[in-house]
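Before any comments, here is the structure.
What follows draws every value from the coordinates through simple rules; no lab data is involved. Note that the structure is predicted; figures quoted are calculated from it, not measured. Quick reminder, even Gly has a Cβ in these numbers, built from the backbone with ideal geometry, and neighbours come from all protein chains shown.
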């Protein structure tokens with residue numbers, strides 16, 4: 001069994017967004033990468049800031065911010081850009097790109113050893129720090145995202161903005177965090193905004209997963225039988241955590257729209273989910289929805305997805321070194337990718353529980369990158385990809401409306 005080649009690089013330059021970045025390879029000093037994480041816990045929560053922790057050998061004090069003889073002085077400072085990548089079978093995979101938040105040195109009492117666990121965060125840090133003041137016109141969600149990226153000066157090369165569906169109303173902002181406003185746009189859209197492994201500000205509209213091949217076609221089958229990709233652990237769940245049968249959605253300045261299911265309430269009690277203050281505008285002059293109609297569509301869709309419990313697989317963990325066929329999956333899968341997961345429960349193992357899932361979060365743990373990358377684990381948070389069918393007007397795949405499908409809004 002082989003292992004990928006990891007490279008960790010830090011940009012010791014005064015401007016993290018310099019047009020000519022120069023990265024320094026610090027891999028020789030990396031002892032471990034305890035965590036790389038990006039995504040969200042489940043489909044109803046927001047994407048969190050991506051984070052990474054890198055432990056460096058600091059016995060010569062080169063990563064000590066106060067050491068003037070460091071080859072990197074005076075740029076051992078917060079907000080230096082960092083990236084982590086891996087090469088397997090001549091393909092380069094970017095696992096994380098972000099900024100160093102902290103350089104906390106640690107010394108053993110003997111003074112013979114020193115290491116530093118630098119903590120890194122992705123571009124969410126930049127957007128959270130940047131405040132917006134001004135008038136922002138009404139436009140569709142993908143253009144609204146681009147407008148905010150332009151306003152903040154986020155590099156155009158580091159963007160991946162897809163199509164959106166929602167029409168965002170005009171906004172007058174005063175010292176509002178760019179990240180908060182981006183998340184408001186995404187909530188109104190019902191889509192996603194995150195920083196991918198290459199450091200690109202990524203926007204996926206609510207139809208992304210219905211129309212993109214890596215989301216509509218399974219990228220791998222993971223199971224406990226021969227011929228399937230092996231997993232180290234799988235966490236199934238069948239509970240009330242994602243039952244919602246009383247949905248309230250309100251556009252900013254609009255009328256509350258309610259969708260409810262009496263049968264679900266009778267079986268599982270009333271469970272209220274609220275989405276309010278959506279920054280929706282009136283798209284009816286362009287043949288689209290009014291804010292209230294858009295809110296009603298969201299409420300109906302949420303009800304269809306969550307009024308009943310379902311057996312789901314919450315997360316799956318893979319372990320490197322088990323099979324070479326796992327590495328392209330562990331390194332290459334990302335948020336919104338679709339996979340198939342199978343489990344054959346006891347006693348006979350003849351029954352196959354199979355679920356189509358979307359990846360909601362990616363986490364890597366690499367406790368030792370020198371000793372054959374011992375126990376490299378990759379964990380994915382999952383959501384159900386086929387809890388219900390969808391129907392989209394004039395779409396060759398999703399335009400058949402029947403009792404098993406519901407309209408996508």
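Here are the numbers:
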item	result
Inter-label distance for residue 216 and residue 17, nm, one decimal - labels placed 7 Å from Cα along Cα-to-Cβ	3.5
Taking the range 35-133 and dividing mean pair separation by its residue count, relative contact order in percent (alpha carbons under 8 Å, at least six apart)	28
Label-point separation in nm, residue 119 to residue 57, each point 7 Å along Cα→Cβ	2.6
Additional length obtainable on full extension of the chain from residue 276 to residue 73, 0.36 nm per residue less Cα span	68.2 nm
The range 246-309: relative contact order as a whole-number percent, Cα under 8 Å and 6+ apart	42
Efficiency of FRET from Cβ geometry, residue 351 and residue 241, R₀ 22 Å, rounded to 0.05	0.35
Extension gain from residue 89 to residue 269, taking 0.36 nm per residue of separation minus the Cα-Cα distance	59.5 nm
Extension reserve of the residue 311-residue 226 stretch, reckoned as 0.36 nm per residue once the Cα distance is removed	28.2 nm
Mean Cα-pair separation over length for the range 191-337, i.e. relative contact order, pairs under 8 Å, 6 or more apart, %	27
Label-point gap, in nm, between residue 151 and residue 375 - each point 7 angstrom along Cα→Cβ	4.7
With Cα atoms, 0 to 90° folded angle of helix 291-306 axis to the chain main axis	80
Cα centroid of the range 159-211 to Cα centroid of the range 311-378, whole Å	28
On Cα atoms only, tilt of 178-189 relative to the major axis of the chain in degrees	30
